[in-house]
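Here the structure is laid out as structure tokens; the discussion comes afterwards.
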């Protein structure tokens, strides 16, 4: 990427199942040389450990690729509500919560700001920037649905982690890429993760 540096995309990882989506998303944003402000909740770190074998920032950095990480990713403490993503005057290109726990979704729906993730989401909505929430829960109850409706009416995009099968996935990686491709599309980030409707899917490793 050349020229003026674009504002970062805030990426939050919370405690819903779906660590592979989060890791792949950060990988792809770093590959595209898009600045990332990364916030991981305490339950998000637990999730990364359980589902991806990633215990800490150093392990996540290695998984993404140290050179790409160092160029693109800035990590913020979820307990620091005074960090840059908490301020509307700090420009961003939007925010993604992936995966988004139902507790986090509920807090965003109510305008709570108990953590940096919740405050950053609140700021993203009030500043009319893109906010993508990727919940992974089934079945969903009435309260969940009401909260999804509330955040949708406030301007967020609710994108459940529900990969399609029309592209003939050959494994879990293809299903993960399907969802991450949809997230990147909504952020306006170019990628080569999957073919579009009517197109042949690119060969695996096309992003390497």
The stretch 60-70, residues that are surrounded by fewer than 14 Cβ atoms within 10 Å (Cβ to Cβ) and under 20 Å from residue 92 (Cα atoms): 70
Within the stretch 126-156, residues crowded, with 16+ Cβ neighbours inside 10 Å, in contact with a strand residue (DSSP E or B) (Cβ under 6 Å, 6 or more places away or on another chain) and outside any loop (DSSP other than H, G, I, E, B) come out as 131, 132, 133, 134, 135, 148
Counting just the residues of the stretch 13-35 that are under 11 Å from residue 189 (Cα atoms) and out of contact with any strand residue (DSSP E or B) (no Cβ under 9 Å at 6 or more places or on another chain), which one comes out surrounded by the most Cβ atoms within 10 Å (Cβ to Cβ)? 28
Give just the number: which of (1) within 24 Å of residue 33 (Cβ to Cβ); (2) surrounded by fewer than 14 Cβ atoms within 10 Å (Cβ to Cβ); (3) touching a residue at least 12 places away in the same chain (Cβ under 8 Å) does residue 57 not satisfy? (2)
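Can you tell me which residues in the stretch 37-48 are surrounded by fewer than 21 Cβ atoms within 10 Å (Cβ to Cβ) and free of Cβ contacts under 8 Å to residues at least 40 places away in the same chain? Break it down into steps so the answer makes sense when it comes.
Keep residues of the stretch 37-48 that are surrounded by fewer than 21 Cβ atoms within 10 Å (Cβ to Cβ), which gives 42-43, 45-46.
Matches in the stretch 37-48: 42, 45, 46.
Bear in mind that the values in this text are calculations on the coordinates, not laboratory data. A quick note: this is a predicted structure, and the numbers were derived from the prediction, not measured. Every residue, glycine among them, receives a Cβ derived from its backbone with ideal geometry; neighbour counts consider all protein chains shown.
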